[in-house]
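All remarks here apply to the structure that follows.
No lab work stands behind these numbers, since they all come straight from the coordinates. Please read these numbers as outputs of a predicted model, since none were measured by experiment. Positions of Cβ are generated from backbone atoms using ideal geometry, with glycine treated the same way; all protein chains shown enter the neighbour counts.
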Amino acid sequence: MNAFIAAVLEKKTILVANEARLLKKSFLGIAILAMAFQGNNFGEMIRSTLVDAYLQVSVFVGFTLFIFIGMDTLTKFNISDVLYKTKKYHVIMASLLGALPGCGGAIIVVTQYIQGRIGFGSLVAVLTATMGDAAFLLLAAEPVTGFFIFGLGAIVGALSGYIVDKIHGESYLQGNSKLKVEFEKISKTFVSKFNIFWTLIFLPGFVIGLFVAFQVDVDQTIGIPNGISLTSTVGACGAILCIFMWSLNPLSDFQCSTDRSRNLLSRVVDTTNFVTTWVICGFLTFEIFMYFTDYNLKTFFEIWLPFVPFMAILFGFLPGCGPQIVVTTFYINGSIPLSAEIGNAISNDGDALFPAIALAPKAAVIATLYSAVPAMIVAYGYMFLFE
């Protein structure tokens, strides 16, 4: 996300907008859709993957987002005010805010640190605890595991924050910028015109997804003639629409879910499209690798099992939520163990790392490296004890 760039420091404002991002998104979307429309066995495999990703994951992610973003819309929870009124408990509060699904809480805590309102330990706590938008995917697919990792992240984040404050002191590398977060004022995007079509596909898609989850053949149950599949049609249309809308959305993925000036449906639709696209990337990575090599990635990970948590932790260093959604997708598919998912969840910083890198790079790098320590301890501790 190049939205957080040094040039904005002159205005003391973060403008979350970047046309170059749209070109990158469009290229990825076109590449996926081009593969899906191939007429050979490869294209059939891609289309089947899109259907599975939409009906097995995306519809439940969308449902989860309606709940969490709906609660956020109704409550108008002001994180800045909470942090101001709880100075004695900043590390704990930062950790809890980071553990919330999404990047909204984490990004605000980061900007509070940059402004000198909270200590370095709170920055470490929030970056350690946050899982970013990958949390929505995990919560939708395995809610019990999701809440377990949220709680674990909050505890580990708080402990890490207090330890770091003991080592460096609360004012370590603290800034005093007059920074504030603003979004590009876009009342309605081009892709928002498709929200009604998205909803018309999502509603039956969610119902079909429930049947699929309980291993019920919808086509056979309602008597669909041979050669026609309602399940495949809805799944493919839903996945393709999600990719199309995400590719042409000029907003940053962070703004899609956290900008409260936007209506509930647009926030849910745009965030679901983002998560769906990266889930599909994860599914396709697995399927395309097997298609061309006839080698099971799960077998590869089993052979190198002792190193898998370490690789997942290193993957967590990549800024943004997209790569972390891919890691979570691998976990949900059973390709990597829970210990690797735990390590990635603790080490990754989601979108919160972007403003930190742009406006306080030294603090961002050191805080990220500190998050790797508890990630290694907890991930390998879980592996040795339970796996």
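Residue exposure proxy: TYR54, TYR89, ordered by other Cβ atoms within 10 angstrom of their Cβ from fewest to most, comes out as TYR89, TYR54.
Going highest first, how would you order 322-331, 261-270 by mean Cβ packing within 10 Å? Could the numbers behind the result be given before it?
On the way: 322-331: 25.2, 261-270: 20.1.
Highest-to-lowest ranking by the protection proxy: 322-331, 261-270.
Between PHE300, PHE214, PHE315, the residue with the greatest mean-square fluctuation in the GNM of the chain (Cα pairs under 10 Å linked by springs) is PHE214.
Ranked by the mean number of other Cβ atoms within 10 Å of their residues, highest first, the peptides 103-110, 33-40, 375-382 fall in the order 103-110, 375-382, 33-40. Quick one: among THR75, THR128, THR272, which has the greatest mean-square fluctuation in a GNM of the chain with alpha-carbon springs under 10 angstrom? In the Gaussian network model the winner is THR75. Once the C-beta distance of SER229 and TYR291 is scaled by a Förster radius of 30 Å, the resulting FRET efficiency is 0.90 to the nearest 0.05.
Between THR130, THR49, THR189, the residue with the greatest mean-square fluctuation in the GNM of the chain (Cα pairs under 10 Å linked by springs) is THR189.
Taking label positions 7 Å along the Cα-Cβ direction at both ILE167 and GLU44, the computed distance is 5.6 nm, reported to one decimal. Secondary-structure-derived ellipticity at 222 nm for the chain, considering helices only, amounts to -22000 deg cm²/dmol, per-run term -39500 (n - 2.57) for DSSP H runs with n ≥ 4. Peptides 336-349, 149-162, 234-247 ranked from most to least packed, by the mean per-residue count of other Cβ atoms within 10 Å: 336-349, 234-247, 149-162.
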